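Report on the structure given below.
The values are calculated or read from the model by the stated rules, or taken from the named source; none is laboratory data. Computed from a prediction, not measured in an experiment: that's the story for all the values here. Counting neighbours? That spans all protein chains shown, and the Cβs are built from the backbone with ideal geometry, glycine included. Calculation scope for accessible area: heavy atoms of the full protein, side chains included, ligands and nucleic acids excluded. Shrake-Rupley method; radii C 1.70, N 1.55, O 1.52, S 1.80 Å.
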Amino acid sequence: MKLYIKNMVCSRCKMMVKTELEKAGLQPVSVDLGEVEIKEAPTPAQLKRLETSLNALGFELIDDQKSRIIEQIKTLIIEHVHYAETQSPLKLSALLTSKLNYDYGYLSNLFSAVEGSTIEKYYIAQRIEKVKELLVYNELSLSEIAFQLSYSSVAYLSSQFKQITGMTPSAFKALQGSKRTNLEDI
């Protein structure tokens, strides 16, 4: 049996959910972002206990089809931006359509109606968060970051970054650096 869980975004989330499943007496077969498969259907008492413990941790059991689809869209975008080794050559619309087996127009309209924003804006926000993360790590140049995240150019990345954050990537990087103290100065 599958359960769908909202707000799972990382491997730490998967570990926490697995622990809560086991505490509720459920045997997880697999735990993926937003989706859990368990051996047997839970009793109402187990389900209530699981729901309460997950809510306390910031997660939420999803029970309607539209919410599941929205969560699957978000999960696919997060996996694509933050965890994929290489960016898919597919456009975002084609990626979502192929993974979810729904027409992109339907997915886009549903997402916009429920979330009050577009899939594209959510995707851009995730990409900018990844850019911020990579800038803070200071291991890649801006052109390497642009290449890694499949931006057409550094100028386009910089423009989009400034539009979303209100500052250039260089200003963001300088701001981050000013918050740190050299070890020898501590």
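The table below gives the values:
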read-out: Centre separation in Å (Cα based) which lies between region 124-169 and region 29-105; value: 26 Å
read-out: Difference of contour (0.36 nm per residue) and Cα-Cα distance, Asn138 to Glu60; value: 24.6 nm
read-out: Region 43-144: trypsin sites (Lys or Arg not before Pro) in DSSP loop, at most 15 other beta carbons within 10 Å; value: Lys91
read-out: Value at 222 nm in deg cm²/dmol, rounded to 500, when DSSP H runs of n ≥ 4 in the chain each add -39,500 (n - 2.57); value: -18000 deg cm²/dmol
read-out: 3J(HN,Hα) from dihedral phi, region 36-51, Karplus parametrisation 6.51/-1.76/1.60, rounded to Hz, x for glycine, proline; value: 10, 10, 10, 5, 10, 5, x, 6, x, 5, 5, 5, 5, 4, 5, 4
read-out: Percent RCO, i.e. relative contact order, over the chain, from Cα pairs under 8 Å lying at least 6 residues apart; value: 15 percent
read-out: Region 22-131, Rg to Rh (Cα coordinates; Rh as Kirkwood inverse mean 1/r); value: 1.01
read-out: Förster-model FRET efficiency, 30 Å R0, Ile124 and Leu47, C-beta, rounded to 0.05; value: 0.25
read-out: Percent accessible area from carbon and sulfur atoms, the chain, protein chains only, probe 1.4 Å; value: 51 percent
read-out: Cα gyration tensor, region 1-57 - rounded (a/c under 1.5), prolate or oblate; value: oblate
read-out: Amide H contacts of Glu60 (H built 1.01 Å from N, under 5 Å, at least 5 apart or other chain); value: Lys6
read-out: For region 1-115, accessible area per residue (1.4 Å probe, heavy atoms of protein chains only), Å²; value: 57 Å²
read-out: Which labelled figure in [x] 160; [y] 108; [z] 150 is volume of the Cα convex hull per residue in Å³, once derived from the coordinates; value: [x]
